[in-house]
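J.: Quick one: this structure, given as structure tokens, is what I'll be asking you about.
The values are calculated or read from the model by the stated rules, or taken from the named source; none is laboratory data. Computed from a predicted model, the values in this text were never measured in an experiment. Cβ: placed from backbone, ideal geometry, glycine included. Neighbour counts: every protein chain shown.
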Amino acid sequence: MSDTDTAKCKGNRQAQTVGSGTALPAEDGVEAALVGWLKQTLDKRVFDAVLVPVEVPAGDSFAYLLLRDPAILDNASPLPPVMPIQGGKVISRLTMRGNGNQQPEAARIAAVVRPCEARAAVELAKLQQAHLDNLYLITIDCPGVLPLSDYIEDPAAGAARFAQAAAQRDRSPMRPTCQMCNHFSMLPAPISDLHVATLCSDGTLSIVPGSPEGARVLEEMDMPVETSLDGWAAQVEAMEQAQTERRQQAHAELRQTVAGADRLLDVFSSCINCHNCQRVCPICYCRQCYFESDALKLPPENYMARAERKGALRFSPDTLLFHIGRALHMILSCVSCGACEDACPMDIPVGQVFSLLADRAQETLGYVAGERLDEALPLVTYEMEELGHVEQPYVAIYREQEVQDA
Amino acid sequence: MSEERSFEPKIIYFMCSWCGSGGSETAAAHHLQYPENVIPSRVNCTGALPAVHIVRPLIEGADGVVISGCHPGDCHYNDGNFRARRRVALVKSLLDTLGLESERVWFRYVAHGEGRRFVDTAAEFNDHIKKLGPNPLKTRSDT
């Protein structure tokens, strides 16, 4: 990786200046305070709609609602204990067919999402699967989420466990990918239009403008941006550093358990080919997945030949090809949200493996998924001079023959 | 040594329509030979070669994959070889991380006139894979 590549993937956070925000009292908790504020934005018509997770009527899960009636906001839960659907996917579904500009006055929508969901939305926008023009991304300091399977066993107990762990900043009950997450806070400008700073809040929460549009929202709400956030920024930086170390350590351990053909096949041996990981992945947007296409449905002769060559052939075949191939298709945009692992009925650590692959591959190509809107996707751009280690040098030993022939 | 002699690797040689295949034509014109276990496969441009097609043969029975396109600046489509280089870097990064021997994938430019270089690449890669030994994935039935 050249120096320019390294410079490209670093220096984003340093460049942004998060000086101050607007403090909101939060005696009844962060969620209640944020919901109250969102209600005001709807009442004042600053936003025409709010996209926010709301507990489902049955009380055992959460779903994003595109809310236009402020009354329904009472049930909203901006920081739910689980992530049943990745918000990036929701934003893509909402905005894929346009940016709302067709209306006389473009509708302004606030999307309250976790940082990984906002990053997925950014990647989807780059992949032409979402339009973020009239969408205000409101990110929240994220404590992680519980594994879906843990939560649905007893939703009430899960919610209590989540609240306690979040208050203590304890990530151990969270999903493995959340435990090693190092992008849990505000995203570099201009991605987080507004960010809700809850860490280091001591009874208040702060709304931080990240983009000019976000600042304008606070202006329209008559909310002066005057609370200093140095304490919060220092806290976030320290936590990010600790989490990055934790991530590297987790990845090093993970590599020991997956590296090599035998261990890799052991990890994926219990796969039941349900392709849930692909269905829930925000980045896997293809209408026709290659791995469900006719390219992998072959005539019996093919299977017979492969069985002969290998002695036997597991059915359904191409399990490893599905996982490695899917990785090749999406790891450069992978935001390590862990939705795939949540959806796996066999508890395969697919989210952890993909986060390892993603970090290494993105480092190779000098890219960080979801960090910048103006940076091209790594496979649609190139530099003339780069990646020399990939090219196989033409070695002189095979030239002797050439000399003799001549 | 005897093992090395008895092991005949299966090698897929992806070459682009313009320079890689041109190199093989030049080799043919000069009656240059390359190992018979190297299976040539023409793609229109190495930049159009999906990453999955590099990995798929490695899982299903090939011992190595070698990819040849035009030299930098010579691509028939201007920048296909640069794009291919990025994609090969992606594949190699993934294989490295998973401990799947990224040296089983080679990427080397071969120009239209470089028949000798084409033949050398095939022979050198063949020897290289013989030294590496059989691909552990190709005998696994549970892929």
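J.: If you scan segment B:84-116, which residues turn out to be in contact with a strand residue (DSSP E or B) (Cβ under 7 Å, 6 or more places away or on another chain), at the interface with chain A (Cβ under 8 Å from one of its Cβ atoms) and in a helix (DSSP H, G or I)?
T.: Scanning segment B:84-116 gives B:R85, B:V88, B:V91, B:K92.
J.: Another question about this same structure. Which condition number does A:L328 fail, the rest of (1) within 10 Å of chain B (Cβ to nearest Cβ); (2) farther than 27 Å from B:A89 by Cα; (3) not in a loop (DSSP other than H, G, I, E, B) being met?
T.: With (1) within 10 Å of chain B (Cβ to nearest Cβ); (2) farther than 27 Å from B:A89 by Cα; (3) not in a loop (DSSP other than H, G, I, E, B) applied to A:L328, the lone miss is (2).
J.: Using the structure shown, decide if A:V217 is surrounded by 15 or more Cβ atoms within 10 Å (Cβ to Cβ), within 14 Å of chain B (Cβ to nearest Cβ) and among the aliphatic types (A, V, I, L, M).
T.: Answer is no for this residue.
J.: Just to be sure I understand, how many residues within segment B:62-83 are facing another protein chain (nearest Cβ under 8 Å) and of a type in the set (D, E)?
T.: Within segment B:62-83, residues that are facing another protein chain (nearest Cβ under 8 Å) and of a type in the set (D, E) number 1.
Residue-wise test of (1) modelled with pLDDT under 95; (2) farther than 30 Å from A:Q128 by Cα; (3) in contact with a Ser or Thr (Cβ under 9 Å, 6 or more places away or on another chain); (4) surrounded by fewer than 20 Cβ atoms within 10 Å (Cβ to Cβ).
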| residue | (1), (2), (3), (4) |
| --- | --- |
| A:R309 | yes, yes, yes, yes |
| A:A312 | yes, yes, yes, yes |
| A:D318 | yes, no, yes, no |
| A:I324 | no, no, no, no |
| A:A327 | no, no, no, no |
| A:I348 | no, yes, yes, yes |
| A:G351 | no, no, yes, no |
| A:D359 | no, no, yes, no |
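J.: Going residue by residue through segment B:1-20, is there one that turns out to be over 13 Å from the mean Cα position of the chain (by Cα), of a type in the set (D, E) and within 13 Å of chain A (Cβ to nearest Cβ)?
T.: Among the residues of segment B:1-20, not one is over 13 Å from the mean Cα position of the chain (by Cα), of a type in the set (D, E) and within 13 Å of chain A (Cβ to nearest Cβ), which makes the answer no.
J.: Let me ask another. Before we move on, is A:A160 within 21 Å of A:M186 (Cβ to Cβ) and over 17 Å from the mean Cα position of the chain (by Cα)?
T.: No; evaluated as a whole, the condition is false for this residue.
J.: So, one more: Condition (residue is more than 9 Å from chain B (Cβ to nearest Cβ) and part of a helix (DSSP H, G or I)) applied to segment A:307-315: is it met by at least one residue?
T.: yes
J.: Here's another thing I want to ask about it. Of the conditions (1) at the interface with chain B (Cβ under 8 Å from one of its Cβ atoms); (2) more than 18 Å from A:N276 (Cβ to Cβ); (3) touching a helix residue (DSSP H, G or I) at 6+ places or on another chain (Cβ under 8 Å), A:D318 fails just one. Which one is it?
T.: Result: A:D318 fails condition (2) only.
J.: Give the residues of segment B:122-138 that are without any contact (Cβ under 8 Å) to a residue 24 or more places away in the chain and more than 7 Å from every other protein chain (Cβ to nearest Cβ), sorted by residue number.
T.: Passing the criteria: only B:D127.
J.: Quick check on segment A:216-229: of everything there that is within 27 Å of the chain's Cα centre (by Cα) and either outside the structural domain of A:L135 (by TED's automatic domain parsing) or under 11 Å from A:S20 (Cβ atoms) (or both), which residue is modelled with the lowest pLDDT?
T.: The qualifying residue modelled with the lowest pLDDT is A:L229.
J.: Which fully enclosed strands (runs of 3 or more DSSP E) of segment A:51-144 have 2 or more residues being in contact with a strand residue (DSSP E or B) (Cβ under 6 Å, 6 or more places away or on another chain), in the same structural domain as A:L34 (by TED's automatic domain parsing) and free of Cβ contacts under 8 Å to residues at least 40 places away in the same chain?
T.: Answer list for segment A:51-144: A:62-67.
J.: Quick one: would you say B:V119 is over 23 Å from A:D359 (Cβ atoms), in contact with a Phe, Trp or Tyr (Cβ under 9 Å, 6 or more places away or on another chain) and either at the interface with another protein chain (Cβ under 9 Å from one of its Cβ atoms) or polar (S, T, N, Q) (or both)?
T.: Yes: the conditions hold for B:V119.
J.: Can you spot a residue in segment A:333-341 that is more than 15 Å from the chain's Cα centre (by Cα), farther than 23 Å from B:A89 by Cα, more than 10 Å from chain B (Cβ to nearest Cβ) and in a helix (DSSP H, G or I)?
T.: no
J.: Return yes or no: is B:S141 at the interface with another protein chain (Cβ under 7 Å from one of its Cβ atoms), closer than 19 Å to A:E363 by Cα and either more than 13 Å from the chain's Cα centre (by Cα) or free of Cβ contacts under 8 Å to residues at least 24 places away in the same chain (or both)?
T.: So B:S141 does not fit the description; no.
J.: Still on this structure, I have one more. Within segment B:26-44, does at least one residue satisfy the condition of being in contact (Cβ under 8 Å) with a residue 40 or more places away in the chain, surrounded by fewer than 15 Cβ atoms within 10 Å (Cβ to Cβ) and of a type in the set (G, A, S)?
T.: yes
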